[in-house]
1. Which of ALA126, ALA92, ALA75 moves the most in a Gaussian network model of the chain with Cα springs under 10 Å?
2. Indicate the gyration tensor shape class of region 123-219 (rounded, prolate or oblate), computed on the Cα atoms with a ≥ b ≥ c the square roots of the eigenvalues: a/c under 1.5 is rounded; otherwise a/b larger than b/c is prolate and the rest oblate.
3. ALA82 to GLU20: extension gain in nm, 0.36 nm per residue of separation minus the Cα-Cα distance?
4. First check a/c for the chain, with a ≥ b ≥ c the square roots of the eigenvalues of its C-alpha gyration tensor; if it is under 1.5, answer rounded, and if not, answer prolate when a/b is larger than b/c or oblate otherwise.
5. Rounded to the nearest 500, what is the 222 nm mean residue ellipticity of the chain from helices alone, with -39500 (n - 2.57) per DSSP H run of 4+ residues and division by all residues?
6. Test of understanding: what is the full-extension gain from LEU192 to LYS35, defined as 0.36 nm times their sequence separation minus their Cα-Cα distance?
7. Checking the cross-link filter: which lysines have an alpha carbon closer than 28 Å to that of LYS35, excluding same-chain neighbours under 8 positions apart?
8. At a Förster distance of 25 Å, what's the computed FRET efficiency of ARG68 paired with LYS150, Cβ-Cβ distance as r, to 0.05?
Amino acid sequence: MPVNVLQRILDSGIIAIVREIPCGKIAALADALAKGGITCVEVTFDQSCHKGQENALASIRKLTESYRDTLCVGAGTVMTSAQVRQAVEAGAEYIISPDVNREVVEETKRLGKISIPGALTPTEIARAYSYGADIVKVFPAGVMGVSYIKSLQGPLKHIPLLAVGGISADNCREYLDAGALGIGTGGNLVSLKLVEEERFDEITEIAKAYTKALRRQGE
């Protein structure tokens, strides 16, 4: 159910962004992330080529079939309503985009999934939420900095925000303290080089660093 998916994202506080990882290595990567405490994974569409999109769909299918009980799997860089349908058919529980596209948001909600469009300015963030977004991805959050997330809390504190882009284990907690409900991270966590060299133990250790940093005091 969407409510359960939304709560899993909120409870996790972090979404691992999987970009351009071959489907043949996705299971080992999923194991490494799970061992590090990561329970939400976003597999991104490669908009530059059809083969990349097919790889993403195959990876989503594999993860949802094999890790349904341990991972909450979504699709990222989804930019058309057709891609929303493809991702949901493959098993994606949430749809993340780099932009604010009303058709994408509405198709995601029509299919009963969690919508997380990307925005930057207050106008874009408010518009995305008015279209029906469950969470709005602030991107690139790392470029704008923690103070930008904090500033958004004044007029837009009613809108759940996910900070994405250039966020490390060293500063991720600062974004939550500034008001974001969580963070999304790609290359700093899911390094293509580490995956290619099958250094999955290192990915687990990086994941542990993130989850430890994000853990609230007393937990």
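Just so you know, all these numbers are worked out from the coordinates, no wet-lab data involved. Small disclaimer: the values here were computed from a predicted structure and weren't measured. Counting neighbours? That spans all protein chains shown, and the Cβs are built from the backbone with ideal geometry, glycine included.
1. Fluctuation is largest for ALA126.
2. Details: a/c = 2.46, a/b = 1.76, b/c = 1.40.
The shape class here is prolate.
3. Details: separation 62, 0.36 × 62 = 22.32 nm, distance 2.04 nm.
Full extension from ALA82 to GLU20 adds 20.3 nm.
4. Working: a/c = 1.61, a/b = 1.10, b/c = 1.47.
Taking the square roots of the gyration eigenvalues as a ≥ b ≥ c, the chain is oblate.
5. On the way: 11 runs with 108 residues, N = 219.
Helix contribution divided over all residues of the chain: -14500 deg cm²/dmol.
6. Details: separation 157, 0.36 × 157 = 56.52 nm, distance 1.82 nm.
In short, 54.7 nm is gained.
7. LYS25, LYS62, LYS113, LYS137, LYS193, LYS208, LYS212
8. Details: r = 37 Å, r/R0 = 1.46.
Efficiency, from the Cβ-Cβ distance: 0.10.
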